[in-house]
Every structure is written in C-alpha cells, then in structure tokens.
Amino acid sequence: MMQTTASHSPPLARAQQVAPARIAAAPRHFGRYLYLAINIAILIFLLAPIAIVVVFALNPTPFIQFPPVGVSLRWFEKFFASRDFMQALGFSLEVALLTTVSATVLGASAALALARGNLPGTRLIVATMLSPLMLPAILTGLALFQTYVLLDVGRPTWGLVAGHTLVTLPYVVRTTLAVLHNFDTRLEEAAQNLGASPLRTFFEVTLPLIKPGVMAGAIFAFIVSFDQFPVSLFLVSPGNETLPVTLFNYLKFDLDGTIGAASVVSIVLSFIVVIGLDRTVGLRSYVRL
C-alpha cells in the first residue's frame with residue numbers, strides 16, 4: 001500500500017502545481033478577449049457611418065431605407081453627370097493639391113527650424129503653430145474672411161489656399177517634429193565630415209530620414225483640405241465652390257442618394273491618395289513613430 005501511494009503521489013503533486021497556473025492564466029485570457037472585444041466595438045462604431053453612407057448611395061430610393069430594396073448606381077450617374085458637382089470636385093482637388101504642397105513645405109521647414117534652430121521660446125512657437133487644432137475652424141474662417149474684407153482683396157483662390165494651409169499646417173509640423181525628436185544628428189555630421197555640402201546633406205541624408213513624417217503630414221493636409229467646410233464656407237466665391245460647400249447648398253433644396261454618392265467618392269479619393277503615396281514613397285516606416 002505504501003508503494004502504491006508513493007507511485008501515485010508525483011502525478012498528484014504535478015496536478016496541484018498546474019491548477020494554480022491555469023487559474024492565474026484565466027484572468028489574462030479574459031483580459032485579452034475583453035481588450036479585443038472593445039477594439040472591435042470601437043472599429044464598428046467608427047465604420048458604421050461609412051457603411052450607412054454606402055448603403056444610402058446604392059439604394060435606388062431617394063431616402064434612407066433599411067433594409068435596402070436593391071442596388072442601383074443611379075445616384076453615382078447623377079453625381080458624375082452634374083456640371084456643378086464636377087466643377088466643385090475639380091476645384092476641391094486643385095485647392096487640396098496646392099494646400100498640400102504649401103503646408104508640406106512650410107510645415108517641414110518650420111519643424112526643422114524649431115528642432116535645430118535653438119530658437120528662444122520654442123515651446124510658445126510650437127503651441128502657437130498648433131493652435132488651429134484647438135480653435136473651431138468656423139472661427140478661423142470668419143477671422144480670415146474679416147481680414148480679407150479689411151484688406152479689400154476679395155475672395156481669391158490663393159486666399160482659400162492660404163486659409164486651408166493655416167488649418168493643415170499643424171499636422172505637418174507635428175508629424176515632422178515626431179520624426180526629428182529621435183533623429184540621430186551624427187549621421188549628418190558624418191556626411192559633412194566626408195565632404196558633403198549642407199545642401200547635399202539635407203537632400204541625401206536628412207530628407208530621406210524624415211520623409212515618413214513629412215509624407216504623413218502631407219496626407220493629413222490633403223484629406224483635411226479636401227473635406228474642409230467651415231473655412232471654405234467663408235472664403236469661396238460664387239462659381240468657385242468646393243465640393244463640401246456645393247453639397248451643403250444642394251442639401252438646402254433636395255436630399256437624395258446623390259449626397260451619399262458624393263461622400264463615397266470623397267472617401268475613395270482619400271483612400272487612393274493614401275495607397276498611392278504608400279506605393280510611391282513608402283509609408284510603412286511611419287508606424288515606428
């Protein structure tokens with residue numbers, strides 16, 4: 001009997017040791033599942049409005065109906081056949097491209113000056129440059145409109161681009177500063193020690209290393225400018241209206257699937273810009289920021 005008890009005691013002891021480990025691992029598995037469930041719920045919450053817009057654009061009825069009665073492209077045909085919508089779409093793309101270029105050049109230059117220039121009051125300057133993110137865009141548009149009236153310059157296209165640049169500049173500055181925060185200046189010193197001029201060092205060493213942050217800011221600038229409504233509402237002139245303003249005016253008189261079709265086109269264009277930049281210049285390294 002003593003031998004039998006001794007032979008069975010090691011498995012029993014191992015079972016007693018494994019049980020607490022399983023009990024301790026259970027809360028960790030529960031926490032992981034809870035974390036995944038919360039993230040999935042947030043993702044659904046963010047994507048649900050887009051799904052509703054897509055359903056509205058494909059629904060043949062001129063109002064939102066669930067469940068949809070079918071699938072139709074009539075609203076996309078109406079959108080692309082509309083002269084006003086096409087003119088507004090082209091003008092929005094033009095303004096967004098000009099804004100992207102100006103905001104990227106100015107924002108990247110400002111970030112380099114703030115990170116390398118040892119300027120007095122750097123924190124105050126950064127806070128001032130990022131202030132458009134904290135102010136309501138409608139106040140920015142109203143202030144710019146009043147400024148243009150006082151200067152008696154009217155509402156030209158360059159004024160609209162300047163307004164969009166003002167509200168998109170903080171995105172470029174912030175993303176570029178994030179890259180420069182961990183930038184190894186010894187790489188620039190090594191290039192200059194090997195005989196490279198400051199200009200060549202910038203284009204062959206500095207710019208390629210900060211490119212992910214600069215391009216990420218450019219993407220934000222394009223998307224924000226293309227969908228910008230409050231600033232555009234005050235600064236556009238009759239006949240040169242951006243797509244958001246045209247949609248706003250269209251909603252005053254009619255509400256049908258054309259609004260959904262225009263929204264889907266805007267979403268697709270933003271997606272194409274992101275994918276295109278990722279394919280051409282590469283944005284995957286930005287995830288390390």
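Where a number appears in this text, it was derived from the coordinates with a stated rule and is not lab data. Since the model is a prediction, treat every value here as computed from it, not as a measurement. We place every Cβ from the backbone using ideal geometry, glycine too, and count neighbours over all the protein chains shown.
Restricting the chymotrypsin sites (Phe, Trp or Tyr not before Pro) of the range 221-280 to loop positions (DSSP other than H, G, I, E, B) with no more than 14 neighbouring Cβ atoms within 10 Å leaves F253. Distance from the Cα centroid of the range 56-97 to that of the range 117-165 is 32 Å (rounded to whole angstrom).
The shape of the range 146-187 can be summarised by an equivalent ellipsoid whose semi-axes, obtained from the alpha carbon gyration tensor, come to 36, 8, 8 Å from longest to shortest.
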